[in-house]
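Chemist: Here it is, the structure in full.
The values are calculated or read from the model by the stated rules, or taken from the named source; none is laboratory data. All of these numbers come straight from a predicted model, not from anything done at the bench. Backbone-built Cβ (ideal geometry, glycine too); neighbour counts: all protein chains shown.
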Amino acid sequence: MSNFIKPENFSLILPYIELFQQGLIVTVLLAACTVLIGFVLAIVLAVIRMSNFQPFLMLARAFPGLFGFFEYDKQGNKLDSGFAYQLGRFNPFGFLATAYVEVMRSTPVLVQMWVIYYGVFKVFFTIPRFKMLGFISADRFIPCAVTLGLNSAAYLCEIIRSGLQSVDGGQTEAARSLGLKQMQNLRYIVLPQALKNILPAIANEFVVIIKESAVAYTIGVMDIMGAVNAVKSANSIIMEPLIVAAGIYFCLCFPASKVIAYVERRMRRGDVR
Amino acid sequence: MATYGDLIQVRDLKKYYNRGAIKALDGVSVDISKGDVMVVIGPSGSGKSTFLRSLNLLEEPTAGSIVFEGVDITKKRYKDGDGKLVKVDIDQHRQKMGMVFQHFNLFPHMTILDNMTLAPVKVKGMDKKDAEEKALALLDRVGLKDRAGAYPIQLSGGQKQRVAIVRALCMEPEVMLFDEPTSALDPEMVGEVLDVMKELAREGMTMVVVTHEMGFAREVGNRVLFMDGGKLLEEGSPTDIFEHPKHPRLQDFLGKVL
Ligand SMILES: Nc1ncnc2c1ncn2[C@@H]1O[C@H](COP(=O)(O)OP(=O)(O)O)[C@@H](O)[C@H]1O
Ligand SMILES: [Mg+2]
């Protein structure tokens, strides 16, 4: 194997062009599926985290004599801190959603993918071996898309949450004082303003996913990296196919991030109409 | 005018932070009648904003009660005429309490007209055309009809605050709450906002106004409340408060601001 780049070696890649093409399709498809799964799950997670399901407070309201201590102290004053107060505000589903987000963000996506591929799909849902579009192995592609989706949902959920939090609290106060309900406030006042921060961040996440999807190759998804390996084992060259792969990734991501930056600038200009 | 509060009765209202270490409101009781123009004065940090924001539950009181049109809105449920337990719908009550903020809080992503019609259409289910007609008439009254299609960013501070006032009026509230409506304005714009408020008062709107504009308190208010340390220390007519202040803290305060 030669690790030096030789221009003539690039011609050795030509017969494998179709593999690179297929790899490109796999990568883009994977990123698209990931964003779709991730976005839907992120919204579900965000809604769960924002919901005010507080079973202890509900107990306190239903049986004030027995459980009132979750809401009031002995003098009949509303609690504003302390253990009983925290327990009263505890939202078990919100806690689970937060725990999920933190675990997904604090472990490597490679580990997550192997766990899901070997530990979940191989054991619990065996996917029949068939090819999608004639060249994509479903039994490897699907677990991979699911993992990347589960992973990016955590990041997207944080993007949504911080986007909503970035909207000035005075907006909600004004909306509520006009009589808008919590959901109406979210829909007409907070979300439209938050989207300015959320949309570019989501588009950015798409670029990140395209690059991160390269880990798919480790469970045998024939993406762009799969094509690199095919050239490598046939011709004992590595740098040249890697350069081609890097070029393809760059051509995907660089224009995308430029477009995002442009849209972001346009949106910010909208502020100072 | 009725001598008892026929609109809002506030009883022993308390708002504590950190388990009572901070007493933003420490037992305030006051009645508000229809047509009252109640001006709340007091040093910074005395609990004026907390009091005002408690009235429409933007702040959740620690203890005490606020009875608005016969319903204690600090409770989750109340007994209606037939003795049935009914849920207190705070959104319902907030519609009837307009609020004007120091920093305007107009919705920046909507035109002035949309700012004004959103709540009437979405909350009251008013016809969009009717809501717009009404909004334009109100804008006309504050001299801003030609800015209906503008965005808040295009307006001056004084114009924004006038829009904020008529936005609240679009909901036809029973009472208007003002939290230092002129404190964020350049001096030359204070007058135009106070003029709108004066006219409102003349028309008989019930108003609770937190302000440092002593001239307004004297001229327009029929009752003045002096707060300090979360307590209502003195209450009276403008003449009582400004000409014959009794409480030493009020005398001290007036000495500083007048
Ligand atoms: N979120 C909060 N946490 C702790 N203390 C607060 C909070 N909000 C207000 N306070 C305190 O409550 C007191 C009254 O505040 P405020 O009602 O804003 O006064 P004013 O409007 O008269 O200037 C102040 O001492 C303030 O520091
Ligand atoms: Mg204040």
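Chemist: What number goes with the only condition from (1) within 17 Å of A:Thr27 (Cβ to Cβ); (2) of a type outside the set (S, T, N, Q); (3) part of a helix (DSSP H, G or I) that A:Ile189 does not pass?
Modeler: (1)
Chemist: Another question, then. Which number in (1) farther than 29 Å from A:Ile159 by Cβ; (2) modelled with pLDDT under 90 marks the one condition that A:Gln22 misses?
Modeler: With respect to (1) farther than 29 Å from A:Ile159 by Cβ; (2) modelled with pLDDT under 90, A:Gln22 is out only on (2).
Chemist: Out of segment A:55-73, which residues are outside any loop (DSSP other than H, G, I, E, B), within 20 Å of B:Glu59 (Cα to Cα) and within 13 Å of chain B (Cβ to nearest Cβ)?
Modeler: Residues satisfying the conditions are A:Leu57, A:Arg61, A:Tyr72.
Chemist: Within the bounds of segment A:166-173, is there any residue that is over 20 Å from B:Ile112 (Cα atoms), in contact with a helix residue (DSSP H, G or I) (Cβ under 6 Å, 6 or more places away or on another chain) and surrounded by 15 or more Cβ atoms within 10 Å (Cβ to Cβ)?
Modeler: Looking through segment A:166-173, none of the residues is over 20 Å from B:Ile112 (Cα atoms), in contact with a helix residue (DSSP H, G or I) (Cβ under 6 Å, 6 or more places away or on another chain) and surrounded by 15 or more Cβ atoms within 10 Å (Cβ to Cβ).
Chemist: To continue, here is another question. Does segment A:26-34 include one or more residues that are more than 28 Å from A:Ile238 (Cα to Cα) and touching a residue at least 12 places away in the same chain (Cβ under 8 Å)?
Modeler: Yes - at least one qualifying residue is present in segment A:26-34.
Chemist: May I pose another question? Going by what's in this entry, would A:Ile243 be described as more than 23 Å from A:Phe141 (Cβ to Cβ) and either at pLDDT 90 or above or in a helix (DSSP H, G or I) (or both)?
Modeler: yes
Chemist: With respect to B:Gly35, is the statement that it is away from chain A (no Cβ under 14 Å) and more than 15 Å from ligand 1 (Cβ to nearest atom) true?
Modeler: Yes.
Chemist: Kindly provide the set of residues from segment B:203-219 that are of a type in the set (A, V, I, L, M, F, W, C) and in a strand (DSSP E or B), ordered by number. Step through it out loud before you land on a result.
Modeler: Filtering segment B:203-219 down to residues of a type in the set (A, V, I, L, M, F, W, C) leaves B:205, B:207-210, B:214, B:216-217.
Scanning segment B:203-219 gives B:Met207, B:Val208, B:Val209, B:Val210.
Chemist: Can you give me the number of residues within segment B:64-104 that are more than 16 Å from ligand 1 (Cβ to nearest atom), within 19 Å of A:Gly179 (Cβ to Cβ) and either facing another protein chain (nearest Cβ under 9 Å) or in contact with a Leu (Cβ under 8 Å, 6 or more places away or on another chain) (or both)?
Modeler: Qualifying residue count, segment B:64-104: 16.
Chemist: Tell me, which strands (runs of 3 or more DSSP E) lie completely within segment B:1-84 with 3 or more residues that are within 15 Å of the chain's Cα centre (by Cα) and within 16 Å of ligand 2 (Cβ to nearest atom)? Quick ask: steps written out before the conclusion?
Modeler: Working: elements: B:8-17, B:22-32, B:37-41, B:63-68, B:77-79.
The qualifying strands (runs of 3 or more DSSP E) are B:37-41.
Chemist: Conditions first: (1) among the small types (Gly, Ala, Ser); (2) closer than 30 Å to A:Ile237 by Cβ; (3) not in a helix (DSSP H, G or I). A:Gly76 passes all but one, so which condition is the exception?
Modeler: (2)
Chemist: Another question, if that's okay. Restricting to segment B:90-131, count the residues that are under 23 Å from B:Asn56 (Cα atoms), touching a Gly at 6+ places or on another chain (Cβ under 8 Å) and surrounded by 19 or more Cβ atoms within 10 Å (Cβ to Cβ).
Modeler: 7
Chemist: Return the pairs, sorted by first residue and then second, in which the second residue is assigned to a loop (DSSP other than H, G, I, E, B) and among the aromatic types (Phe, Trp, Tyr), the first residue lies in segment A:219-233 and is surrounded by 20 or more Cβ atoms within 10 Å (Cβ to Cβ), the beta carbons are less than 9 Å apart, and the residues are 6+ apart or on different chains.
Modeler: Final answer for the pair search is A:Met222/A:Phe135.
Chemist: Let me ask something else about it. In a helix (DSSP H, G or I), more than 24 Å from the chain's Cα centre (by Cα) and under 26 Å from A:Phe39 (Cβ atoms) - does that describe any residue in segment A:249-267?
Modeler: Within segment A:249-267, the first condition is being in a helix (DSSP H, G or I), and the residues that meet it are A:249-267.
Narrowing further to those that are more than 24 Å from the chain's Cα centre (by Cα): A:266.
The next check asks that each one be under 26 Å from A:Phe39 (Cβ atoms); those that pass are A:266.
Yes: one or more hits.
Chemist: Every residue in segment B:238-248 that is surrounded by fewer than 22 Cβ atoms within 10 Å (Cβ to Cβ) and over 19 Å from the mean Cα position of the chain (by Cα), please.
Modeler: Scanning segment B:238-248 gives B:Thr239, B:Asp240, B:Phe242, B:Glu243, B:His244, B:Pro245, B:Lys246, B:His247, B:Pro248.
Chemist: May I pose another question? Please go through segment A:133-148 and pick out each residue that is touching a Phe, Trp or Tyr at 6+ places or on another chain (Cβ under 9 Å) and assigned to a helix (DSSP H, G or I).
Modeler: Selection gives A:Ala138, A:Asp139, A:Arg140, A:Ile142, A:Pro143, A:Cys144, A:Val146, A:Thr147.
Chemist: While we're looking at this one, here's another question. Scan A:Gly94, A:Gly119 and give me the residue that is in contact (Cβ under 8 Å) with a residue 24 or more places away in the chain and among the small types (Gly, Ala, Ser).
Modeler: Only one candidate qualifies: A:Gly94.
Chemist: Right, here's the next one. So, A:Arg176, is that one under 30 Å from B:Leu52 (Cα atoms), assigned to a helix (DSSP H, G or I) and among the basic types (Lys, Arg) or not?
Modeler: Here the answer is yes, as A:Arg176 does meet what is asked.
Chemist: Same structure again: Of everything in segment B:209-233 that's touching a Pro at 6+ places or on another chain (Cβ under 7 Å) and away from ligand 2 (no atom under 16 Å from the Cβ), which residue is farthest from B:Asp36 (Cα to Cα)?
Modeler: So the residue we want is B:Arg218.
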